[in-house]
Amino acid sequence: GKELGEEPVEPPVVEETREVDGETKTVVRYAAWLETQAYGDDLKFVNADFVEFDLNASKIMIAQERGLGKGGHFWDGAYVLTESMIVSPPRALVNKPAPSVLELGAGAGLAGIALALGYETSRVTLTDGDAGVLGLLRQNCHRNRCSARVTRLCWRLDDGDDGDAQGADAWHPPPPVAGEDEAAAEKYDVIIAAEAVAPIYDARALVATLRRHAHAKTEVRLVCKDGRWPDHAEFFYNTLGEHFDYKVQTPITKLKVTYFKVVTAKLKKAERPPVVPERGLDPAVT
């Protein structure tokens, strides 16, 4: 109990109202919520206008739009992914002068924006398949002075692969729109995604998209909710393992929930595209 004369401990203020852009808005302070984690469902902050994060001495404000559905609000998996890259960044971020990074299903954008701000020379591309979510992504980049490229990219099966992996309830990508998928043919040094593995998403299309954008040294970093959907996670890992060598690890995180896993992956040797030798280093040239 409280000692005589001791000041009562005030609970942290998690949600508050502030003037933002001349309007009164609700802002969730994620660091304050982390102190208690008194409530933890996925939709706990869905009605807030903004969620604010303190990451590596940077303050990041992520706007939300409930009307956009799942892609219009922050998910805890994005925070776990961000933590993962702070604690143990992919090697390309540390070793390459201007690494290229692709985020799939970026949603409101926390992980990709935090990465772009933390590695200023990186070339970050944030993608989503929904036009409204792309608009929100651009707003959040602008608000946080982040220069990442934002473009549409839908996960697709390889040409000729029309198999259905999840059944009638799985999400399937819309047909391609000429000129919209700007990142469609590019390969990246690092590919990230948070909460992209779920029964409503086509796991085979996700893996095919990872393959399409990976080169021989690409580092893939995913955060998955294995504990929520163990059957789907097993299917995803079986599919991923056909083409990638991967590891599944328990994240180092401030979150109390235990269903998240961090997945790191690289193309199997047999899957890796040939490396084009630099000019003057081709052993066939004499």
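Data for the structure
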read-out	value
Residue check for Met85: within 17 Å of Ser147 (Cα to Cα) and either of a type in the set (Gly, Ala, Ser) or touching a residue at least 40 places away in the same chain (Cβ under 8 Å) (or both)	no
Residues of the stretch 37-82 satisfying the condition of being closer than 20 Å to Arg145 by Cα, among the aliphatic types (A, V, I, L, M) and free of Cβ contacts under 8 Å to residues at least 12 places away in the same chain	Ala57
All positions within the stretch 21-48 that are part of a strand (DSSP E or B), closer than 24 Å to Leu115 by Cα and out of contact with any Lys or Arg (no Cβ under 9 Å at 6 or more places or on another chain)	Arg29
Filter result for the condition that a residue is at pLDDT 55 or above, in contact with a helix residue (DSSP H, G or I) (Cβ under 8 Å, 6 or more places away or on another chain), open to solvent by less than 70 Å² (accessible area, probe 1.4 Å) and of a type outside the set (D, E, K, R), over Ala198, Ala183, Ala208, Ala216	Ala198
Residue selected from the stretch 235-271 under the condition assigned to a helix (DSSP H, G or I) and modelled with pLDDT under 95, by the criterion surrounded by the fewest Cβ atoms within 10 Å (Cβ to Cβ)	Ala270
The stretch 219-234: number of residues that are in a loop (DSSP other than H, G, I, E, B) and open to solvent by 60 Å² or more (accessible area, probe 1.4 Å)	2
Out of Asp130, Asp158, sole residue that is under 27 Å from Leu240 (Cα atoms) and in contact (Cβ under 8 Å) with a residue 60 or more places away in the chain	Asp130
Residue in the stretch 26-44 that is in contact with a helix residue (DSSP H, G or I) (Cβ under 8 Å, 6 or more places away or on another chain), within 23 Å of Gly135 (Cβ to Cβ) and surrounded by fewer than 20 Cβ atoms within 10 Å (Cβ to Cβ) present	yes
Selection within the stretch 183-242 - touching a Gly at 6+ places or on another chain (Cβ under 8 Å) and either among the small types (Gly, Ala, Ser) or closer than 18 Å to Lys269 by Cα (or both)	Ala193, Ala194, Ala196
Which numbered condition Ala57 misses (of (1) of a type in the set (A, V, I, L, M); (2) within 23 Å of Asp42 (Cα to Cα); (3) over 15 Å from the mean Cα position of the chain (by Cα))	(2)
Those residues of the stretch 80-122 which are open to solvent by 50 Å² or more (accessible area, probe 1.4 Å) and in a loop (DSSP other than H, G, I, E, B), in sequence order	Ser88, Lys96, Pro97, Tyr119, Glu120, Thr121
Residue tally, condition part of a loop (DSSP other than H, G, I, E, B), under 22 Å from Leu134 (Cα atoms) and touching a helix residue (DSSP H, G or I) at 6+ places or on another chain (Cβ under 9 Å), over the stretch 49-79	5
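The values are calculated or read from the model by the stated rules, or taken from the named source; none is laboratory data. All values derive from a computational prediction rather than experimental measurement. Neighbour counts run over all protein chains shown; Cβ positions are idealised from the backbone, glycine included. Protein only, heavy atoms only, side chains kept; ligands, DNA and RNA dropped before computing areas. Shrake-Rupley method; radii C 1.70, N 1.55, O 1.52, S 1.80 Å.
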